[in-house]
Amino acid sequence: MKVFFKILSVLVLVFSLFGIKANAQSSKYKCMVQMNSYTGEGAYIVVSLVDSKGNYEKTLYVMGPDKKWYNSLKEWYKYFQKKAPKIDAITGASVTGGDRSVKTFEIEDSKINAGYKLRFESAVEDQDYHMDDVEIALTTEGLSAAKADGKGYIKYVRLNKI
């Protein structure tokens, strides 16, 4: 019986260490997107992790619930069609002019200071599309900046590690 409890104790310790290691491999970030004032429908915005060559690696969040409009996010939609990532758990409402949205997502720590970027792609029905409305370098400096200004519908983005 003592051997059983010793083995059980070792297994609990091992699984605890793996659990701690898994949590240490990524960090959570709170992301606030402040929109410019504009008229029209809510903007669809996708937050993606892209590599140093601009290739999509992972979808972190999609603001816009209706899949029929995803094709308006042209570059991301090409990736979406090829990879068909599961995004149900990372989708939410679109964001209208002048509003703000706060979301939380995880970024693998190994992507920091390794040439990756966060890309915020935006589109509004019957209006313009912005492939790189905001891009934030995944560097220590890029993630600690006060805010990143947008070029289209997004006024700015703020990230805070939580």
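Against the condition part of a helix (DSSP H, G or I) and modelled with pLDDT of 95 or more, how does residue 37 come out, does it pass?
no
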Among the residues of the stretch 130-143, is any loosely packed, with under 12 Cβ neighbours inside 10 Å, more than 18 Å from residue 34 (Cβ to Cβ) and either at pLDDT 95 or above or among the acidic types (Asp, Glu) (or both)?
yes
Could you say which residue among 98, 115 is within 16 Å of residue 32 (Cβ to Cβ), touching a residue at least 40 places away in the same chain (Cβ under 8 Å) and part of a loop (DSSP other than H, G, I, E, B)?
98
Could you check residue 36 against (1) under 20 Å from residue 149 (Cβ atoms); (2) under 13 Å from the mean Cα position of the chain (by Cα) and say which number it fails?
(2)
Just a yes or no: is a residue in the stretch 65-78 surrounded by 10 or more Cβ atoms within 10 Å (Cβ to Cβ), assigned to a loop (DSSP other than H, G, I, E, B) and at pLDDT below 75?
no
Evaluate the following for residue 110: is it closer than 17 Å to residue 45 by Cα and hydroxyl-bearing (Ser, Thr, Tyr)?
no
Members of the stretch 136-162 found to be out of contact with any Gly (no Cβ under 9 Å at 6 or more places or on another chain), in a strand (DSSP E or B) and more than 18 Å from residue 41 (Cα to Cα), listed by number
149, 158, 160, 161
If you go through the stretch 101-112 one residue at a time, how many are outside any strand (DSSP E or B) and surrounded by 12 or more Cβ atoms within 10 Å (Cβ to Cβ)?
3
Qualifying residue in the stretch 83-92 (condition: surrounded by 10 or more Cβ atoms within 10 Å (Cβ to Cβ), modelled with pLDDT under 95 and in a strand (DSSP E or B)):
yes
Of residues in the stretch 56-83 being without any contact (Cβ under 8 Å) to a residue 24 or more places away in the chain and among the polar types (S, T, N, Q), the one farthest from residue 103 (Cα to Cα)
81
Quick check on the stretch 116-129. Is at least one of its residues loosely packed, with under 15 Cβ neighbours inside 10 Å and within 16 Å of the chain's Cα centre (by Cα)?
no
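The values are calculated or read from the model by the stated rules, or taken from the named source; none is laboratory data. The model shown is predicted, which means the values in this text are computed figures rather than measured ones. Cβ coordinates were reconstructed from backbone atoms using ideal geometry, including for glycine residues, and neighbour counts include every protein chain displayed.
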